[in-house]
Amino acid sequence: MEFWHLIGRGVEKRNIVLDDSDRARFMHDLYVFNDANPTPNFVVLDRHDTTRKRERLVDIHAFCLMKNHYHLLVSERVEGGISLFMQKLNMGYTKYFNEKYERSGALWQGKYRKVLIERNAHFLYIPFYIHLNPLDYVAPEWREGKVKDVRKALGSLLEYRWSSHLDYLGMRNFPSILRSDVLSPLLGTRKNYEQIIADIVCDPILALESKSLEYKS
């Protein structure tokens, strides 16, 4: 199984979500466009819905939506699955965004970035790197391993709904989107998972390893 880190950024680093309804729509799109079948106009995020058979293009192992970009950790289920999924996702969300805000033109900064996770160290750190991105809003010093108030940092992550972090804490947030069984054994218990996060944001050496995964525009 190959794991890919996918990053999409707004054109000119502009925001791609302006409110929580946009964020909810993007979550919806992560689910509904991950399907080889034609996409209906709207599908409720309900994993118990058996009215239509879905053929997932990729498995999404971790994700995080930020104001002007997103991160996905995926593996392909079918040949060409990543390309088709990303085409549907980016085009579909652009259509929604442009119609809502009465704009036209590109929303994304070129093609999404696709990085194969080849090193074991990167595979071990990538879920944490993805889930820690929201700390940029409240404690950007995490990237240097210089967070002083770890409890506050962990609390802010608990309040940020738009990633797979809460699901890996055992809280059902967006289980319809996520395949968690691959990473869960590596992340361990909730206590172990949170301890690793605390170590990364407080230790410059561990933060440096995480920083190597940063996306440079």
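No value in this document is a laboratory result; all are computed from the given coordinates. Note that the coordinates shown come from a computational prediction; the quantities given were computed from them, not determined experimentally. No Cβ is skipped: glycine too gets one built from the backbone with ideal geometry, and neighbour counts run over all protein chains shown.
Just the number, please: Stokes-Einstein D of the chain in µm²/s, Kirkwood Rh from C-alpha pairs, 20 °C, 1.002 mPa s.
Roughly 120 µm²/s, to the nearest whole number.
With θ set to phi - 60°, apply the Karplus curve 6.51 cos²θ - 1.76 cosθ + 1.60 along the stretch 110-118 and write out the HN-Hα couplings as whole Hz, x wherever there is a Gly or Pro.
x, 6, 4, 8, 10, 10, 6, 7, 9
How fast does the stretch 4-115 diffuse by Stokes-Einstein, in µm²/s, taking the Kirkwood radius from C-alpha pairs at 10 °C and 1.306 mPa s?
Stokes-Einstein gives a translational diffusion coefficient of 110 µm²/s.
What list of ³J(HN,Hα) couplings, whole Hz, do you get for the stretch 90-106 from phi and the Karplus terms 6.51, -1.76, 1.60, once you set θ to phi - 60° and write x for glycine and proline?
Running phi through 6.51 cos²θ - 1.76 cosθ + 1.60 with θ = phi - 60° gives 5, 5, x, 5, 4, 4, 4, 5, 5, 5, 5, 9, 6, 10, 9, x, 5 Hz.
As a test of the formula, what do you get for the chain when each DSSP H run with n ≥ 4 contributes -39,500 (n - 2.57) and the sum is divided by the residue count, at 222 nm and rounded to the nearest 500 deg cm²/dmol?
Roughly -11500 deg cm²/dmol at 222 nm, from the helical runs in the chain.
Output ³J(HN,Hα) for the stretch 173-180: one whole-Hz value per residue in order, computed from phi by the Karplus curve 6.51 cos²θ - 1.76 cosθ + 1.60 with θ = phi - 60°, and x for Gly and Pro.
10, 10, x, 5, 7, 9, 9, 9
Looking at this model, which pairs from LYS114/LYS152; LYS67/LYS88; LYS53/LYS88; LYS67/LYS95; LYS13/LYS148; LYS13/LYS146 are more than 22 angstrom apart at the alpha-carbon?
Those over the limit are LYS114/LYS152; LYS13/LYS148; LYS13/LYS146.
For the chain, modelled as a GNM with alpha-carbon contacts under 10 angstrom, which of ASN34, ASN90, ASN120 fluctuates the most?
Between ASN34, ASN90, ASN120, it is ASN120 that shows the largest mean-square fluctuation.
Can you find, among VAL74, MET91, PRO204, the residue farthest towards the positive end of the dipole of the chain? Put +1 on the C-beta of Lys and Arg, -1 on that of Asp and Glu.
MET91
So if I average 1/r over every pair of distinct C-alpha atoms in the stretch 86-203 and take the inverse, what Kirkwood radius in Å does that give?
Computed over the stretch 86-203, the radius equals 16.4 Å.
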